[in-house]
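The values are calculated or read from the model by the stated rules, or taken from the named source; none is laboratory data. Not measured: the values here are computed from a predicted model. No Cβ is skipped: glycine too gets one built from the backbone with ideal geometry, and neighbour counts run over all protein chains shown.
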Amino acid sequence: MTVRRATIDDADAILETISSAFFADPFWSWVFGDETKRDEQYQVWWKVFIDAAFANDNWNWVTDNCGSIALWALPGHKDLTDDEAGELVRLIGEFVEADRRSTVLETLARFDGAHPHDVEHYYLSIVATHDDYRGHGTAESMLAGNLKLVDAEHLPAYLESSNPLNVKRYMRLGFEPIGEVFVPDGRPQVTTMWRPER
């Protein structure tokens with residue numbers, strides 16, 4: 001398996017991987033509840049994050065064929081500017097049913113509220129594996145390599161796990177649960193996780 005820094009030429013393949021990986025995600029499938037529209041909505045929604053990752057010079061990694069991807073915000077950097085975050089709010093207004101918009105926006109706001117802002121750290125904004133490459137441990141191996149570089153700087157790392165099945169995988173990499181973001185409608189709560197400096 002080859003792991004390398006992503007380039008802008010990888011953007012379309014990264015978008016395809018994220019859209020595939022999160023189609024049935026417990027949290028994101030709640031946000032975008034209409035399964036018949038989700039693919040089309042994801043093409044717009046996740047593109048905002050990918051464009052931001054390259055525009056903001058974030059730390060972006062891919063494996064062969066972009067089968068697994070990781071988008072990191074560097075210490076002292078945001079994953080999204082205020083304008084980019086504003087675009088996401090606009091898209092919620094466009095894509096989410098009127099009676100659910102305020103609930104979705106309030107839930108998304110809890111992500112920022114839970115995110116530690118007082119300690120310099122690496123933030124794993126998105127990690128995903130395309131359905132065609134699942135089950136081979138590629139994302140975990142890629143992240144292990146990323147974290148060796150983080151450790152060389154003696155810095156901590158942070159992530160949110162929107163799928164409870166992934167929590168143990170992150171724990172194998174040294175992350176520990178530190179909190180939860182409440183999700184309505186009986187959906188699994190999102191787990192916030194911190195990996196201390198080493």
>> Being free of Cβ contacts under 8 Å to residues at least 12 places away in the same chain and under 23 Å from Phe27 (Cβ atoms) is the requirement here; does Lys148 meet it?
In response: no
>> Just the residues that are out of contact with any helix residue (DSSP H, G or I) (no Cβ under 7 Å at 6 or more places or on another chain), surrounded by fewer than 22 Cβ atoms within 10 Å (Cβ to Cβ) and part of a helix (DSSP H, G or I), please, taken from segment 39-64.
In response: Glu40, Phe49, Asp51, Ala55, Asp64
> Of the numbered conditions (1) at pLDDT 95 or above; (2) touching a Ser or Thr at 6+ places or on another chain (Cβ under 9 Å); (3) exposed (fewer than 13 other Cβ atoms within 10 Å of the Cβ); (4) more than 21 Å from Phe32 (Cβ to Cβ), Glu153 satisfies every one except a single condition; which is it?
Replying inline: (2)
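Condition check ((1) closer than 19 Å to Ala53 by Cα; (2) touching a strand residue (DSSP E or B) at 6+ places or on another chain (Cβ under 6 Å); (3) small (Gly, Ala, Ser)) across all residues:
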residue	(1), (2), (3)
Val127	yes, yes, no
Gly137	no, no, yes
Ser141	no, no, yes
Ala144	no, no, yes
His154	no, no, no
Pro177	no, yes, no
> Just a yes or no: is a residue in segment 168-179 in a helix (DSSP H, G or I), more than 28 Å from Arg4 (Cα to Cα), out of contact with any helix residue (DSSP H, G or I) (no Cβ under 6 Å at 6 or more places or on another chain) and among the hydroxyl-bearing types (Ser, Thr, Tyr)?
Replying inline: no
>> Please go through segment 1-38 and give me each residue that is in contact with a helix residue (DSSP H, G or I) (Cβ under 6 Å, 6 or more places away or on another chain), within 17 Å of Glu97 (Cα to Cα) and not in a loop (DSSP other than H, G, I, E, B), ordered by number.
In response: Val31
>> Restricting to segment 145-162, give me the number of residues that are out of contact with any helix residue (DSSP H, G or I) (no Cβ under 9 Å at 6 or more places or on another chain) and not basic (Lys, Arg).
In response: 11
